[in-house]
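Accompanying notes for the structure given below.
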Amino acid sequence: MDLRHLKYFLAVAEELNICRAATRLHISQPPLTRSIKALESELGIELFVRTAKGVELTQAGEIFKKEASNIRMLVEAAIDRVQRTGKGKLGRIDVGIFGSAIYEIIPKILQEFKLRLPGVSVVLHTMTKNEQIEALRQRRITVAFNRLTIPEPDIGQELVMMERLFAVLPESHPLASLEAIPFRALAGLPLILFPNVGRPNFVDRVRELCKQQGFEPKIAQIVGDTVTGIALVARGFGVTLTPLSVTKSMTFTGILFKPLTDAPDATIDVSVLYRITDQSPLLKSFLGVVREYRASHAQV
């Protein structure tokens, strides 16, 4: 059935006058009359009867008016959804996430994205770095967040922010009275680091920073996540380093977060990853939010 016939039928059904309906549709009366007759012929029923004032709906016409109105609303809704999807305002975005950045940076970006595009469903997937890259290539996720990512020819990568690293000490530690910790003071102290999956990783970054400061780190434990590492620090198993976002978002008893002195390079990145070939409006919208976040947050 031609949707134009439905449009013309509804105009006549609402106006109950061929002349007024034609004026409303910006067409002449003859093609409108032909359209109504063609619709009645297709349905095999009479929809209108002529009166002195115009036309009236038959009983079948009354029923068809309700059904045609429902169809029109469905079509209009479908068109609206398609247009919003085409503009990146509707749909679903799958996001690969990881460890420590989920405590502050990623939630803030996702929150802003949801505020701007409430029609888009955000689905999170906790993945290692290698799993994220593979999932991007297989189109199972749209974007991913991670740190220390090696450039890949088919994967786009943009810096979200650089985070300063903080020392994490037990409250009873001899260095706990200092306002800030000299990085070289970590030499010889048992370090608890996390995680060691995906190369390069945070453990590699700490090794590199220690080498720049002229010493080899004494690594006592390598654990799987931030929470476990800090919990061990609180129990006196050693000290650790963690990004600023963790210090803002986690509350532990028995530990202190201390800034580092004499180590301006003691930072670590958070980057967003995506397929270079992905030209979807949804990705464009998401990256727009990321870029605005980056612009409003200098290195912290």
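Listed here are the residues, each with its yes/no results for (1) part of a strand (DSSP E or B); (2) of a type in the set (A, V, I, L, M, F, W, C); (3) over 23 Å from the mean Cα position of the chain (by Cα).
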{"residue": "L110", "(1), (2), (3)": "no, yes, no"}
{"residue": "K114", "(1), (2), (3)": "no, no, no"}
{"residue": "N130", "(1), (2), (3)": "no, no, no"}
{"residue": "L148", "(1), (2), (3)": "no, yes, no"}
{"residue": "V168", "(1), (2), (3)": "yes, yes, yes"}
{"residue": "S172", "(1), (2), (3)": "no, no, yes"}
{"residue": "L175", "(1), (2), (3)": "no, yes, yes"}
| said: Out of R207, R294, I need the residue that is among the charged types (D, E, K, R), surrounded by 14 or more Cβ atoms within 10 Å (Cβ to Cβ) and under 30 Å from R116 (Cα atoms). Which one? | reply: R294
| query | Checking V49 against (1) loosely packed, with under 12 Cβ neighbours inside 10 Å; (2) outside any helix (DSSP H, G or I); (3) touching a residue at least 40 places away in the same chain (Cβ under 8 Å), which test does it fail? | reply | (3)
| said: Please pick out the residue among Q59, Q29 that is out of contact with any helix residue (DSSP H, G or I) (no Cβ under 8 Å at 6 or more places or on another chain) and either surrounded by 19 or more Cβ atoms within 10 Å (Cβ to Cβ) or free of Cβ contacts under 8 Å to residues at least 40 places away in the same chain (or both). | reply: Q59
| field | Where R92 falls short, out of the listed (1) surrounded by 14 or more Cβ atoms within 10 Å (Cβ to Cβ); (2) within 11 Å of the chain's Cα centre (by Cα); (3) within 15 Å of L283 (Cβ to Cβ) | value | (1)
| task | Select from the range 250-264 the residues that are closer than 19 Å to F194 by Cα and not in a strand (DSSP E or B) and list them in ascending order. | result | M250, T251, F252
| said: Looking only at the range 10-40, how many residues end up being of a type outside the set (A, V, I, L, M), in a helix (DSSP H, G or I) and within 17 Å of E62 (Cα to Cα)? | reply: 4
| note | Those residues of the range 92-108 which are farther than 20 Å from I276 by Cβ and either among the aliphatic types (A, V, I, L, M) or not in a helix (DSSP H, G or I) (or both) amount to R92, I97, F98, G99, A101, I102, E104, I105, I106
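Throughout, read-outs are computed from the coordinates displayed, never taken from laboratory work. Bear in mind the structure is a predicted one, so any value in this text is a computation, not a measurement. When we count neighbours, we look across all protein chains shown, and the Cβ atoms used for this are built from the backbone with ideal geometry, even at glycine.
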